[in-house]
Amino acid sequence: MHELTLWQAAVMGVLQGLAEFLPISSSAHLSLTPWAFGWNEPGLAFDVALHVGTLVALLGYFWQEWIELARAAVNVVTTRRVETIAEQRVIFIVIATIPAVIFGLLLESYAETVFRAPALTATALIIMGALLWWADHSAPATRSLDQMTWKQALLIGVAQVFALIPGVSRSGSTITAARALKFDRQSAAVFSFLMSMPVIAGAAVLKVPKLFSAGVDMSVLVGIAAAAVSSWLAIALLLRFIQRNGFAIFAIYRFVLGAAIYALVIYRG
C-alpha cells in the first residue's frame, strides 16, 4: 500500500462513502482520482479499508432491518420454510448475491487491471447514466419491495455483476434494474442497499488480511472514518431525495464526469 497524506485519505474516504450508495460508481471515483490528480495509487488494501467504513455505516443505518432479517434467516434454517415477508427477503438477498460472488471470483483479476482503463470507465459512466435515466423515466412505479419475486431478485443480482467494471456502479446497476422491473424508487434503493451488504462484507473478510499485512496507519483510519460518515449521509440523503425527485441528476452527473474523463484522456494523449 502506497502512502497517502491524511488529506488525500480523507478525500478518498468521502468519495468512497458517497459514491458507494449514490448511483455514480465508487470504483470509478477511487480509480480515477489518483490518476487525475497525480497521487500515489493507494492500492487494494486501502480500498478494502474504505469498504470496511461503508459496511459499518450500512449495518448501523439499517440495524433494525438487519436484526429482523437475522431472525428471519434463523427461522428459515430451523423450520426449512419461508412464510413471512422478512423470510422471503432473506432468500431474495441470497439469490441476488449469487451472481456477484460467482463472477467476482472469476473476473477479479480483470476488475483490478483491465477494467480500470480510464476510457472504459468513462464509457461505462455514460452508458449506465443513459440506462438509469431511461429506466427511471419510462418504467411505471407499480411494485413495492414486498411484491418482489425470486426471478426479479435474480435479475437484479445479475445486473450487479456489471459493477465489476468501474463506472457502472453497483448501486446504479441494481437500482436501474429494479426500476426497469417497475419497482418504485424507494424500494429499488432499499433493496440495492440491503443486497450490497453480503458483497461488501464478503470482500472485506476475504481481503482484510491483505490490509493488515500492508499495515494500518493513521491514513487508513482516517479513510475508514471518512467513508463511514459519508456513507451514512449518502444513504440518508438519497432515500429522502428520491421521495420527491428522480435519478436524473445522477445520470447528468455521470454524463458530465464521463465527458471530463474523455477530455483528460485526449489532453494527456
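FYI, it's all coordinate maths here, none of it is from the lab. Being a predicted model, the structure only gives us computed values, none of them experimental. All Cβ positions, even for glycine, are placed from backbone atoms using ideal geometry, and neighbour counts span all protein chains on display.
Explain nothing, just the number: relative contact order of region 124-269, from Cα pairs under 8 Å at least 6 residues apart, as a whole percent. Intermediate values should be presented prior to the final figure.
On the way: 115 pairs, mean separation 50.7, N = 146.
Here the relative contact order equals 35 percent.
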Output the peptides 183-190, 141-148 sorted from most to least packed, where packing is the average of other Cβ atoms within 10 Å over each peptide's residues. 183-190, 141-148
Tell me the relative contact order for region 56-150 as a rounded percent, counting alpha carbon contacts under 8 Å between residues six or more apart. 25
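Test of understanding: what is the full-extension gain from GLU65 to LEU233, defined as 0.36 nm times their sequence separation minus their Cα-Cα distance?
Once the chain is fully extended between GLU65 and LEU233, it gains 58.7 nm.
Taking square-rooted eigenvalues a ≥ b ≥ c of the alpha carbon gyration tensor, is region 20-146 rounded, prolate or oblate, where a/c under 1.5 means rounded and, failing that, a/b exceeding b/c means prolate?
Values: a/c = 2.22, a/b = 1.60, b/c = 1.38.
Since a/c reaches 1.5 and a/b is larger than b/c, the shape of region 20-146 is classed as prolate.
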Listed highest first by mean packing, meaning other Cβ atoms within 10 Å per residue, what order do 29-35, 128-134, 225-231 come in? 225-231, 128-134, 29-35
Kindly put TYR61, TYR262 in sequence by how many other C-beta atoms sit within 10 Å of each C-beta, fewest to most. TYR262, TYR61
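Please say if region 6-264 is rounded, prolate or oblate, where rounded means a/c under 1.5 for a ≥ b ≥ c the square roots of the C-alpha gyration tensor eigenvalues, and otherwise the choice is prolate for a/b larger than b/c and oblate otherwise?
oblate
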All other residues with a Cβ under 12 Å from the Cβ of ARG185 taken together, and with Lys, Arg as +1 and Asp, Glu as -1, what is their net charge? +3
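Would region 181-269 count as rounded, prolate or oblate if I go by the C-alpha gyration tensor, calling it rounded below 1.5 in a/c and otherwise prolate when a/b exceeds b/c, oblate otherwise?
Values: a/c = 2.09, a/b = 1.18, b/c = 1.76.
In terms of gyration-tensor shape, oblate.
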Label-zone membership for region 128-170, site ILE102, 7 angstrom Cα→C-beta point, backbone N under 20 Å: 149-165, 170
For GLY43, distant residues with modelled amide H under 5 Å away: HIS2
Compute the length gained on full extension between GLN186 and ARG244: take 0.36 nm times their separation in residues and subtract their Cα-Cα distance, giving the result in nm to one decimal. 19.8 nm
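With an 8 Å Cα cut-off and a minimum separation of 6 or more residues, compute the relative contact order for the chain in percent.
Working: 410 pairs, mean separation 102.2, N = 269.
Relative contact order comes out at 38 percent.
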If you plug each phi of region 123-138 into the Karplus form 6.51 cos²θ - 1.76 cosθ + 1.60 with θ = phi - 60°, what whole-Hz ³J(HN,Hα) values come out, in order, with x for Gly and Pro? 4, 5, 4, 6, 4, 5, x, 5, 5, 4, 4, 4, 5, 6, 9, 9
When you count, for each residue, the other Cβ atoms within 10 Å and take the mean per peptide, how do 84-93, 68-77, 196-205, 15-24 rank with the highest first? 15-24, 84-93, 196-205, 68-77
Sequence order, region 55-67: Karplus ³J(HN,Hα) from phi using 6.51 cos²θ - 1.76 cosθ + 1.60, θ = phi - 60°, Hz rounded, Gly and Pro as x, gives 5, 4, 5, 4, 5, x, 5, 9, 4, 5, 5, 5, 5
Grab the Cα-Cα distance for GLU3 and ALA130, subtract it from 0.36 nm times how many residues apart they are, and report the gain in nm with one decimal. 42.0 nm
